[in-house]
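Worksheet: one structure, shown below.
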Amino acid sequence: MAALKTVFFCGIGGSGMSALAQVLRHQGLAVRGSDRRRDHGQGATLFERLRAQGIALFPQDGSGVDDSVDELIVSAAVEEHIPDVRGP
C-alpha cells in the first residue's frame, strides 16, 4: 500500500488556504499546517475546526516541515524568511 501523501500549508489560517486544506483532507490526504495567527493565540475557532478534521497544526517555526512532507503550499501572505518556507 502506498504511503498517504502529506501536504503542508504555511498560512493555513487564511480563508482560501484553510478551505483547500479541508478539501484535501476530505479527499484522504494527510494535511498539516502553520499560521502566525495561531501562534499569536488568534482564530481559535478556525484552528479547532481544522484540528477536529484531523489536520495537524504546528507553530510557524519550521518544526512541521520534515522529510515526510510531499508538498509545501505557501500562502502569498507569508514572507520568504519564515522557517517553514526556508526549510532546514
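The values are calculated or read from the model by the stated rules, or taken from the named source; none is laboratory data. Note that this is a predicted model, so its numbers are computed, not measured. Glycine gets a Cβ as well: all are built from the backbone with ideal geometry, and neighbour counts include every protein chain shown. Each accessible area value is taken on the protein alone, full model and side chains, heavy atoms only, with ligands, DNA and RNA left out. Shrake-Rupley method; radii C 1.70, N 1.55, O 1.52, S 1.80 Å.
Restricting the search to segment 49-70, which residues are touching a helix residue (DSSP H, G or I) at 6+ places or on another chain (Cβ under 9 Å) and over 17 Å from G14 (Cα atoms)? Selection gives G54, D61, G62, S63, G64, V65.
Determine which member of the set Q22, Q60 is under 15 Å from P83 (Cβ atoms) and open to solvent by less than 70 Å² (accessible area, probe 1.4 Å). Answer to the selection: Q60. For segment 63-88, what are the residues that are under 11 Å from the mean Cα position of the chain (by Cα), open to solvent by less than 40 Å² (accessible area, probe 1.4 Å) and either under 15 Å from M17 (Cα atoms) or of a type outside the set (A, V, I, L, M, F, W, C) (or both)? If the condition is that a residue be under 11 Å from the mean Cα position of the chain (by Cα), open to solvent by less than 40 Å² (accessible area, probe 1.4 Å) and either under 15 Å from M17 (Cα atoms) or of a type outside the set (A, V, I, L, M, F, W, C) (or both), then G64, S75, D84 are the ones that fit.
Look at segment 36-48: where a residue is under 7 Å from G13 (Cβ atoms) and a partner is of a type in the set (F, W, Y) and crowded, with 17+ Cβ neighbours inside 10 Å, sitting 6+ places away or on another chain with Cβ atoms under 7 Å, you get R38/F47. No other residue among G41, G13, G33 is closer than 20 Å to I82 by Cα and either open to solvent by 30 Å² or more (accessible area, probe 1.4 Å) or over 10 Å from the mean Cα position of the chain (by Cα) (or both) apart from G41.
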